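Okay, so here's the structure we're looking at.
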Amino acid sequence: MKRNVFMALLATASLTLACQQGANTGETGDAAMDSTEQAAFNAVIDGKDVQLYTLQNDKLHITLTNYGARLVSLRVKDKDGKDTDVILGYDTANEFKQNAINYYGAIVGRYGNRIGNATFTLSGTTYELEKNDGENSLHGGTNGVYNKVWTVEQSADTAITLAYTSPDGEAGYPGTVTMKVTYSITDEGGLVMDYVGTTDKETVLNLTNHAYFNLNGEGDATILDHELQIDADAITEVDANLIPTGKSLPVAGTAFDFSEAQTIGSRIDAENAQLAVGKGYDHNFELIKGDGFRKVATVYAPKTGIEMQILTTEPGLQFYSGNFMTDSDPKGKGGKAYPFRSAFCLETQHFPDAPNQPSFASTVLKPGDQYTSKTEYRFLVK
Ligand code: BGC
């Protein structure tokens, strides 16, 4: 840590120039850019040091911060060999903090997605959570793990492990929960996220990454041209507040059928009661059960030729098409606007509101048991 701070300070002055030179000559100037980026992430949040970390190989160049264990940038080469950052974010740690409820790039939880009426009961005890989404609790509330400074346990060129211990009762959830996420990159262009968690008291846990993607490059105006395929026969029906009714709706013959690739925009404004409540796609796709870790979805952007495949051990995938983004949202990296539907999220998860839905796969974690989850975002160029 100390070394990084020192390197960043030492490097900042000369590197601004190096970045400009890189831009002028068309070079990427990766190392130089990294150090200026690092300086903008040297911050103290809640009394804890925040920094920027880099994962890099021939295929991927990723920066992350321990504030919210979040992805800051994810650069891949497009079909013309141009470096393309495919996730939304900000230039500084402080902007991420100010706009924490966008969840950009973060690990959300303790319970990713919604819990109805912000309450659940475990072994006869009822727990009250924060209502941060109407009457419901979303992504762990405003005191969720995306808004915490995580500890970096180990960091190397191609892998980093971040840990956070959430005290008993934090954000209303029972149990002291220790969670870790390891981000690692592969030679095949994969970003793998391995999660583990333990508790000292019965609780619920459902962690996911909340990156907002635009495979045309962040700041591009739309994702409606992206072609999406999801291995799901059904979605989880939701009520007017996006809380599951307990029913599964078959996708066949509806705007939710992505079993064959379809552009995101082709049916997004179709007349459909579920699309109306989500103002577009904002639904849990019930993934076809497979053998553990398997490929479940593919997104392809014809403009850049960038394809992202999603592999996971999870039973569900929340597809959110950026319907609550607005043209007046705070500006992102480099002052770019991130308007309505200019990004999508595909969040691997257990189903929303599972603590209140006995028929959904359980999210209960007991002392002595280990929570595990694995997801990969794999990038290819076609
Ligand atoms: C939810 C959306 C919500 C968004 C906030 C998504 O995971 O499904 O309803 O607006 O997070 O960023």
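The values are calculated or read from the model by the stated rules, or taken from the named source; none is laboratory data. What you see is a predicted model, and the numbers here were worked out from it, not measured in a lab. Neighbour counts run over all protein chains shown; Cβ positions are idealised from the backbone, glycine included. Quick note on the areas: whole protein, heavy atoms, side chains included, nothing else; ligands and nucleic acids left out. Shrake-Rupley method; radii C 1.70, N 1.55, O 1.52, S 1.80 Å.
Within 12 Å, Cβ to Cβ, of residue 137, how many net charges do the neighbouring residues add up to if Lys/Arg are +1 and Asp/Glu are -1? Numbers along the way, then the final one.
Details: positive: 110, 114, 131; negative: 128, 130, 133, 135, 353.
For residues surrounding residue 137, the net value is -2.
Return the whole-Å distance between the Cα centroid of the range 263-285 and the Cα centroid of the range 326-382.
17 Å
Which whole-Hz couplings ³J(HN,Hα) result when phi for each residue of the range 236-253 is put into the Karplus expression 6.51 cos²θ - 1.76 cosθ + 1.60, θ = phi - 60°, listed in order with x for Gly and Pro?
Computed from phi, the couplings for the range 236-253 are 8, 5, 10, 8, 5, 9, 6, 9, x, 7, x, 9, 9, 10, x, 8, 3, x Hz.
Taking all protein chains as present, what is the carbon and sulfur share of the accessible area of the range 280-367, in % to the nearest whole number, probe 1.4 Å?
Numbers: 1750 of 3030 Å².
Of all accessible area on the range 280-367, carbon and sulfur atoms account for 58 percent.
Filter the chymotrypsin sites (Phe, Trp or Tyr not before Pro) in the range 214-297 to those in DSSP coil with at most 16 other Cβ atoms within 10 Å of their Cβ, and list the result. Walk me through the numbers on the way to the answer.
On the way: sites: 256, 258, 281, 285, 293; in loops: 256, 258, 281, 293.
Those that pass, being in a loop and sparsely packed, are 293.
Can you pull the three principal axis extents for the Cα set of the chain, in Å, largest first?
In descending order, the Cα extents are 60, 46, 40 Å.
Using 0.36 nm per residue, how much length does the chain from residue 263 to residue 130 gain when fully extended, once their Cα-Cα distance is taken away?
Details: separation 133, 0.36 × 133 = 47.88 nm, distance 3.63 nm.
Gain in length upon complete extension: 44.2 nm.
³J(HN,Hα) across the range 59-64 via Karplus (A = 6.51, B = -1.76, C = 1.60, θ = phi - 60°), whole Hz, x for Gly/Pro?
Each residue of the range 59-64 in turn: 9, 10, 9, 10, 10, 9 Hz.
Could you compute how much accessible surface residue 104 exposes when probed at 1.4 Å, giving the result in Å² to the nearest 10?
10 Å²
Given a 1.4 angstrom probe, what's the average accessible area per residue across the range 235-382, in square angstrom? Spell out each step's value before the answer.
On the way: 6080 Å² over 148 residues.
Averaged over the residues of the range 235-382, the accessible area is 41 Å².
What are the ³J(HN,Hα) couplings of the range 196-210, residue after residue, when phi is run through the Karplus curve with 6.51, -1.76, 1.60 and θ = phi - 60°? Round to Hz, x for glycine and proline.
9, x, 9, 9, 9, 7, 3, 8, 10, 8, 7, 9, 8, 8, 10
Ignoring everything but the protein chains, give the 1.4 Å probe accessible area of residue 372 in square angstrom, nearest 10.
Result for residue 372: roughly 90 Å² accessible.
Under the rule of at least 5 residues apart or a separate chain, name every residue whose amide H is placed under 5 Å from the amide H of residue 134.
none
Residue 288 versus residue 176, label points 7 Å from Cα toward the beta carbon: distance in nm?
With each label placed 7 Å out from Cα toward Cβ, I get 4.5 nm.
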